[in-house]
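Before any comments, here is the structure.
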Amino acid sequence: MADVRVGVDVGGTNTDAVVMAGRRLLGWAKTPTTADVTGGILSGVREALARAETTPAAVRAVMIGTTHFTNAVVERRRLEPTAAVRLGLPATASVPPFADWPADLRDAIDGRGYLAHGGYEYDGREIAPLDEAELRDIARQIRRQGATALAICAVFSPIRADLEWRAAAILQEGLPDVRVSLSHEIGRLGLLERENACILNACLSGLAATTVTAIVAALHEMALDAAVYLSQNDGTLMSAEFARRYPVLTFASGPTNSMRGAAYLSGLRDAIVIDVGGTTADVGALVGGFPREASLAVEVGGVRTNFRMPDLLTLGLGGGSLVRPGVAGTPPTIGPDSVGYRLTDRAIVFGGHDLTATDVAVATGLAALGDPARLSPDQRALAPAAIAEVRRRLAEAIDQVKTSAAEVPVVLVGGGSILVDGALPGASTAIRPDHFEVANAIGAAIGQVSGEVDQVHSLDETSRDDLIARARDDAAARAVAAGADPDTVEVVDAEDVPLAYLPGSATRVHVKVVGALRAASGELQENLARSSPLATRNWSTDVGD
Amino acid sequence: MWEIDADVLESVSLGAGILGTGGGGNPYVAKIWARGELERGARFRILDPTEVPDDAWIVGSGGIGAPTVSVEKLRRGDEEYRALRVLEEHLGVRFDGVVPMEVGGGNSIRPLIAAAQAGIPTVDADGMGRAFPELQMVTFFIYGVPPCPAAIADDKGEEAVFTAAPSPQRLERLARVLVVEMGGTAGMAFAPMRGTDLKRTAIPRTLSVARDVGHAVRAARARNADPVEALLAATGGSLLLVGKIVDVERRTGGGFARGTLRLVGSGPYGGEMRIDFQNENLVAYADGAPIATVPDLICVVSTDAAEPITTELLRYGQRVAVVGIRCHPLLATPEALAVVGPGAFGYDVAYRPLDPGGPLPWTALA
């Protein structure tokens with residue numbers, strides 16, 4: 001077995017693990033998520049390996065997608081006291097760091113902002129030189145504050161990063177034990193949003209160090225000598241070492257993995273993906289095998305950021321959603337409340353007393369689960385209208401998400417996707433591929449490596465083609481540095497937008513490339529190009545997400 | 001005299017986003033800045049134009065530059081204020097009030113801050129009654145206030161006074177070139193004028209309009225009523241189409257975000273519509289014929305929240321309502337149409353005023 005990799009998705013309820021050899025799925029497992037994350041990963045991986053009849057020693061790489069760090073921010077738990085240093089004076093003083101943060105989150109991290117001279121203009125000129133004495137004084141204040149994490153953000157650092165590095169070196173002399181996050185590694189243009197993301201990253205750095213170290217140690221203890229990677233929000237991988245420093249990049253990796261897994265399982269690179277869980281359905285667009293990214297600001301835990309997030313429409317509609325009759329001739333309602341992970345004891349067909357979407361799926365013959373005889377005649381009579389309502393809402397979501405008026409193929413994944421079958425309006429076809437219930441773990445397993453640049457240049461001295469070519473080369477170099485095989489690197493996104501209201505033809509160039517992991521390049525590319533249906537069919541009753 | 005507090009600020013910035021007709025940039029950063037100023041004790045006092053004495057000195061205020069830069073290199077915080085002071089020194093007068101350049105995007109908010117820093121009120125009026133891309137399009141210049149003197153100031157303490165320019169168009173060009181050297185954003189003070197000229201040339205009570213439109217939409221959202229209905233009622237606007245964006249075609253050039261938007265849905269002009277934009281929405285067509293043109297306001301808002309969508313964020317699949325609002329009469333005169341009519345933006349189309357859908361929000365100073 002040349003290239004065995006294990007994909008893991010750590011969700012709020014379940015931890016899914018898959019074992020894959022090239023394009024073949026050898027085995028999979030669904031186990032409960034544990035509070036320490038590591039326990040659930042270990043039992044999932046162990047069980048999946050056993051079903052795959054594979055020894056831990058054969059595994060070359062483990063890829064993990066987790067919502068652990070997002071949840072820590074949302075719950076305001078286990079966060080570090082954090083200082084933010086912005087390099088931008090004399091500009092930017094009008095809106096200091098933490099300006100629009102929820103008070104409880106700022107208090108939870110004892111967040112304090114400091115302004116220092118530095119930063120760049122849009123064309124790369126310095127706004128002001130770095131002031132070393134000023135930075136040493138700030139380091140002394142931060143030491144008194146007791147912060148253990150530090151976020152550094154310079155104006156226009158996505159264009160030139162060197163000031164952030166130099167400031168980090170100076171500040172670290174006075175703060176040797178503080179973990180440092182640099183904004184240019186995390187976000188794109190948009191100072192407040194990038195700074196916010198960098199601060200979120202900094203306040204997670206302690207938790208990330210502990211968690212990632214524990215996961216890697218536990219996997220190695222299991223006699224797995226594999227390289228460990230974590231999924232990023234754009235569906236590509238980062239090394240465990242990088243993830244220890246940049247946990248914020250794992251935000252939203254769950255939905256991304258599920259869409260990438262759907263692309264892989266269906267063999268489609270352009271499609272609409274509907275991931276139906278226990279409580280919600282995420283609807284998103286695959287473009288060239290990757291999720292389309294949101295262009296608007298994304299809030300995480302009440303903080304405005306500009307992450308590379310998949311552009312998803314989330315409906316309160318899942319396998320555990322409660323179904324109620326309509327009033328005065330209106331259709332039945334489905335959700336938004338749900339029995340969630342308690343489906344297997346609260347749904348009617350499983351012996352409970354709540355009419356759920358899964359019950360009406362059973363009543364209409366879409367799924368064969370539990371004991372259909374438990375459904376009353378009234379409940380059976382309601383079922384067709386309820387399923388029609390599910391289809392209507394999904395069709396509306398498809399129409400909103402798709403990128404052109406033409407009909408598009410739809411891929412259904414997730415345990416709750418048993419609610420729909422056959423054609424949906426606006427869809428050319430609707431496919432529910434084999435292993436749809438572990439699409440997210442498969443998405444983690446097939447992760448690639450990316451490189452990205454987002455810069456502003458003048459077209460006065462260079463042609464547009466040269467500019468894009470140079471940005472492409474820079475992005476490719478970044479991908480290779482992150483572990484990509486240079487021969488497999490391809491452009492997945494390239495756009496140039498002229499800066500409005502400015503003469504001098506300044507243009508913002510954004511290029512993103514991806515490539516296969518160096519260790520396993522050939523097969524991965526082949527998989528993406530033409531993935532075929534997998535061998536075994538395995539239905540699951542689990543619709544918890 | 002009335003005041004803008006933190007709650008009214010939310011309404012004004014939402015209303016100004018809607019009146020921005022797709023342009024003017026995102027007011028988010030300016031709003032957060034203004035909120036911080038209020039927390040630090042600033043007071044945004046608003047003076048009705050009728051309260052401005054005829055011999056008072058009023059100055060136009062706003063930012064000039066690229067929105068892409070102003071969301072990255074945030075303001076130092078006194079650019080508009082220093083431009084105002086420099087112009088005072090040059091003229092040897094003290095200004096008694098500030099009037100915003102436009103009531104769209106961040107430039108509806110920044111003048112409030114400059115006025116508060118100078119300890120003077122902001123006049124409830126502006127120079128565009130919406131957003132436009134260039135300086136010569138303010139009504140002050142259209143109705144004869146001379147283009148100079150004007151002043152700009154940047155984040156590094158650099159300041160400049162323009163003492164002579166043959167036309168507002170030349171002032172716009174000269175200022176724009178200097179702004180590039182200043183790093184892409186600057187604060188500007190311009191069109192210093194007496195109270196008589198302000199009352200003659202400014203579009204009156206547009207901050208009130210922005211506030212009322214924002215209030216109406218926020219109130220509708222809060223009570224789960226239709227916010228687009230609320231927007232129509234507050235603006236006397238007519239609903240041109242409710243539907244979905246089916247195509248956004250973008251072209252580049254000339255420092256403008258140009259493009260064409262196609263929509264399908266339903267409305268009084270049929271089920272299909274096309275809108276041409278250059279930073280702002282300029283001309284809407286149905287069946288190949290123009291049904292609404294600049295300077296009338298063509299506002300594209302989300303159907304569920306009446307949230308304004310700036311032209312750079314338009315995208316396939318968005319559910320939108322297109323609302324047309326008849327512009328203030330000061331923008332519809334022959335001399336105004338020569339500068340802000342369809343022809344000024346390169347369209348071979350005559351301005352045809354929209355029928356109001358109800359009482360218009362604009363007032364006149366009789």
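Laboratory data are not the source of any read-out in this text; all were calculated from the coordinates shown. Only a predicted model underlies this, so the values are computations on that prediction, with no experimental measurement involved. As a convention, Cβ positions derive from the backbone with ideal geometry for all residues, glycine included, and neighbour counts pool all protein chains shown.
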In the neighborhood of B:Glu280, defined by Cβ-to-Cβ distances under 13 Å, what is the net charge if each Lys or Arg adds +1 and each Asp or Glu adds -1?
-3
I need B:Lys31, B:Lys156, B:Lys73 ordered by Cβ neighbour count within 10 Å, fewest first.
B:Lys156, B:Lys31, B:Lys73
Highest mean first, what order results for A:432-445, B:34-47 on Cβ atoms within 10 Å?
A:432-445, B:34-47
Least to most buried among B:Phe345, A:Phe251 (fewest other Cβ within 10 Å first):
B:Phe345, A:Phe251
Over its Cα atoms, what ratio of radius of gyration to 2.2 N^0.38 Å does chain A give?
1.01
Taking the dipole about the Cα centre of segment A:61-127, with the C-beta of Lys and Arg at +1 and of Asp and Glu at -1, give me whichever of A:Pro96, A:Gly113, A:Ala72 is farthest to the positive side.
A:Ala72
Cβ neighbours within 10 Å, averaged per peptide: list A:415-421, A:466-472, B:264-270, A:287-293 in order, most packed at the top.
A:415-421, A:287-293, A:466-472, B:264-270
Within 12 Å, Cβ to Cβ, of B:Gly236, how many net charges do the neighbouring residues add up to if Lys/Arg are +1 and Asp/Glu are -1?
-2
Neighbouring partner chain Cβ atoms per residue of B:63-70, average, 10 Å criterion:
6
Inside 10 Å of the C-beta atoms of A:83-94, what's the mean count of C-beta atoms belonging to other chains?
5
Stokes-Einstein D for segment A:78-203 (10 °C, 1.306 mPa s, Kirkwood Rh from Cα pairs), in µm²/s, comes to 113 µm²/s
HN-Hα couplings for segment A:232-242 via Karplus (6.51, -1.76, 1.60; θ = phi - 60°), in whole Hz with x for Gly/Pro, come out as 9, 5, 9, x, 9, 9, 10, 5, 4, 4, 5
Between A:Val287 and B:Val93, what is the label-point separation in nm under the 7 Å Cα-to-beta-carbon projection?
5.2 nm
About the Cα centre of chain A, what is the dipole size in debye to 20, counting +1 per Lys and Arg Cβ and -1 per Asp and Glu Cβ, all else neutral?
880 debye
What distance in nm separates the two pseudo spin-label positions at A:Ser43 and A:Thr213, each 7 Å out from Cα along the beta-carbon direction?
2.6 nm
With each label point set 7 Å from Cα along the Cα-Cβ vector, what nm distance links B:Ala364 and A:Gln400?
4.4 nm
Would you look at the GNM of chain B, springs on alpha carbons closer than 10 Å, and say which of B:Leu19, B:Leu313, B:Leu174 moves the most?
B:Leu313
Starting from the Cα of A:Thr462, step 7 Å toward the Cβ, then list every residue of segment B:56-76 with an amide N under 19 Å from that point.
B:69
Over all residues in A:121-127, what is the mean tally of Cβ atoms on other chains that come within 10 Å of each residue's Cβ?
5
Just to confirm a number: summing +1 for Lys and Arg and -1 for Asp and Glu over residues other than A:Leu192 whose beta-carbon lies under 15 angstrom from that of A:Leu192, what do you get?
+4
Give the Rg/Rh ratio for the protein assembly as shown, taking Rg as the radius of gyration of the Cα atoms and Rh as the Kirkwood radius, to two decimals.
0.99
Using only Cα atoms, tell me the angle between helix A:464-481 and the longest principal axis of chain A; keep it within 0 to 90° and round to the nearest 10.
80 degrees
Using a Förster distance of 51 Å, how high is the FRET efficiency between A:Arg342 and B:Asp7, based on the Cβ-Cβ distance and rounded to 0.05?
0.75
Of the listed links A:Lys512/B:Lys244; A:Lys402/B:Lys244; B:Lys31/B:Lys73, those spanning more than 19 angstrom between alpha carbons are A:Lys512/B:Lys244
For segment B:237-248, just list the computed ³J(HN,Hα) in residue order, Karplus coefficients 6.51, -1.76 and 1.60, θ = phi - 60°, integers in Hz, with x standing in for Gly and Pro.
x, 10, 7, 8, 6, 10, x, 9, 6, 10, 6, 10
Translational diffusion of segment B:74-167, µm² s⁻¹ [Kirkwood Rh, Cα pairs; Stokes-Einstein; 20 °C; 1.002 mPa s]
155 µm²/s
Return B:Val217, B:Val179 ranked ascending by Cβ neighbour count within 10 Å, so the fewest neighbours appear first.
B:Val179, B:Val217
Sorting check: for B:188-198, A:378-388, which peptide has the highest mean count of neighbouring beta carbons within 10 Å, and how do the rest follow?
B:188-198, A:378-388
To the nearest 0.05, how large is the calculated FRET efficiency for B:Val242 and A:Asp177 if R₀ is 41 Å and r is the Cβ-Cβ distance?
0.10
Among B:Val99, B:Met273, B:Leu19, which residue has its Cα positioned farthest towards the positive end of the charge dipole of chain B, with +1 placed on the Cβ of Lys and Arg, -1 on the Cβ of Asp and Glu, and the dipole taken about the Cα centre?
B:Met273
Run the numbers on segment B:226-345 and let me know its relative contact order in percent, using alpha-carbon pairs under 8 Å that are six or more apart.
27 percent
